[in-house]
1. Being more than 22 Å from Asp143 (Cα to Cα) and either surrounded by 19 or more Cβ atoms within 10 Å (Cβ to Cβ) or touching a strand residue (DSSP E or B) at 6+ places or on another chain (Cβ under 6 Å) (or both) is the filter here; which residues of the stretch 113-125 pass it?
2. Please find, among Thr241, Thr237, the residue that is touching a Ser or Thr at 6+ places or on another chain (Cβ under 9 Å) and of a type in the set (Val, Ile, Thr).
3. Step by step: first the residues of the stretch 57-75, then only those that are modelled with pLDDT of 80 or more and of a type in the set (A, V, I, L, M, F, W, C), then the one that is nearest to the chain's Cα centre (by Cα). Which residue is that?
4. Quick one: count up the residues across the stretch 259-274 that are surrounded by 16 or more Cβ atoms within 10 Å (Cβ to Cβ) and either among the charged types (D, E, K, R) or not in a helix (DSSP H, G or I) (or both).
5. Looking at His44 and the list (1) in contact with a strand residue (DSSP E or B) (Cβ under 7 Å, 6 or more places away or on another chain); (2) more than 24 Å from Lys144 (Cα to Cα); (3) not in a strand (DSSP E or B), which single condition is not satisfied?
6. Suppose we keep only residues that are within 17 Å of the chain's Cα centre (by Cα) and assigned to a helix (DSSP H, G or I) within the stretch 173-204. Which one would you say is nearest to Thr147 (Cα to Cα)?
7. Given (1) among the β-branched types (Val, Ile, Thr); (2) within 20 Å of Ala205 (Cβ to Cβ); (3) part of a helix (DSSP H, G or I); (4) under 16 Å from the mean Cα position of the chain (by Cα), identify the lone condition not met by Val102.
Amino acid sequence: MMLKLNPAARLMIPDRLDGPESIRRTTHLGIGAHQDDLEFMAFHGILECYERPDRWFGGVTVTDGRGSSRAGPFALWSDDQIAEERVREQESAAVIGQYSFVAQLGFASSAVRDASQGAVRDELRKVLEASRPEVVYLHNLADKHDTHVGCALRALEAIRLMPKAERPKMVYGCEVWRDLDWLVDNEKTPMPVSRHPVLAQTINAVFATQIAGGKRYDLAVLGRRAANATFGNPHATDQETSMQWAMNLTPLVQDETLDPVEYAAGFIERLKQDVIRRMRQSL
């Protein structure tokens, strides 16, 4: 089925394929809070599908981008102007990354963070039911940006409303405003992203409104990935030049009785125990 989204939303099919197949062909889906989150956190999914006729990456950006910082050539732009430009940037990234589709839902950040408002959850459910992806990339539950956390929770709520047979097979929480190097090693999901380094640079550089605002996300994201590749294992030579870590959120969509708060806190508790164990063995 084709997506019927709210009036503020914008749907783009980069290769202009008509009909419901443009959405249904999606195998990997990223759901990010802001324009550029997909490219920074879900690049693994983009790479898994890039130049593959049997795999397609679809993207969802939930917020409207109106509240972003602005400096340099964008310093005097209005909220409407910056929002429109951020939408355009996201669509440019979708073309470069050969996405199946990109849906920008146009919600205010406050709506994403408010669990009492069902509109975000319901809109995400529409996308998920239309696309039926095998793999979904979300923000991780320990992210320090409140809108990112809210976005991940709304997406998990939407997936839990789907029939179990139609839910994605794998759901991952990815790095943006808090990296996942702190996860205990056997709980890190490695996502190698060494291939196509020029694509990584090009797609990050699209988001000029953010970079000119004084945040060199384009460099920071690539630096984090390089650091992950080197510092991931202290006893082995590097196998990758670029790596992302993810938190496995799949149990939360397989069993809706699991509490997301307790689930996330479990990773922190196991880190605490790992730190204590390492210290005690050398005391």
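The values are calculated or read from the model by the stated rules, or taken from the named source; none is laboratory data. Source: prediction; values computed, not measured. All Cβ positions, glycine included, derive from the backbone under ideal geometry; neighbour counts span all protein chains shown.
1. Hits for the stretch 113-125 are Glu123, Arg125.
2. Of Thr241, Thr237, the one residue that is touching a Ser or Thr at 6+ places or on another chain (Cβ under 9 Å) and of a type in the set (Val, Ile, Thr) is Thr241.
3. Only one residue tops the list, namely Val60.
4. Result for the stretch 259-274: 1.
5. Going through (1) in contact with a strand residue (DSSP E or B) (Cβ under 7 Å, 6 or more places away or on another chain); (2) more than 24 Å from Lys144 (Cα to Cα); (3) not in a strand (DSSP E or B) one by one, His44 breaks only (2).
6. Per the stated criteria, the residue is Asn204.
7. Val102 satisfies all of (1) among the β-branched types (Val, Ile, Thr); (2) within 20 Å of Ala205 (Cβ to Cβ); (3) part of a helix (DSSP H, G or I); (4) under 16 Å from the mean Cα position of the chain (by Cα) except (3).
Table: residues versus (1) surrounded by 22 or more Cβ atoms within 10 Å (Cβ to Cβ); (2) modelled with pLDDT under 95; (3) among the small types (Gly, Ala, Ser); (4) closer than 15 Å to Glu89 by Cβ.
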| residue | (1), (2), (3), (4) |
| --- | --- |
| Lys169 | no, no, no, no |
| Val176 | yes, no, no, no |
| Asp179 | no, no, no, no |
| Pro192 | no, no, no, no |
| Leu199 | no, no, no, no |
| Thr202 | no, no, no, yes |
| Lys215 | no, yes, no, yes |
| Arg225 | yes, no, no, no |
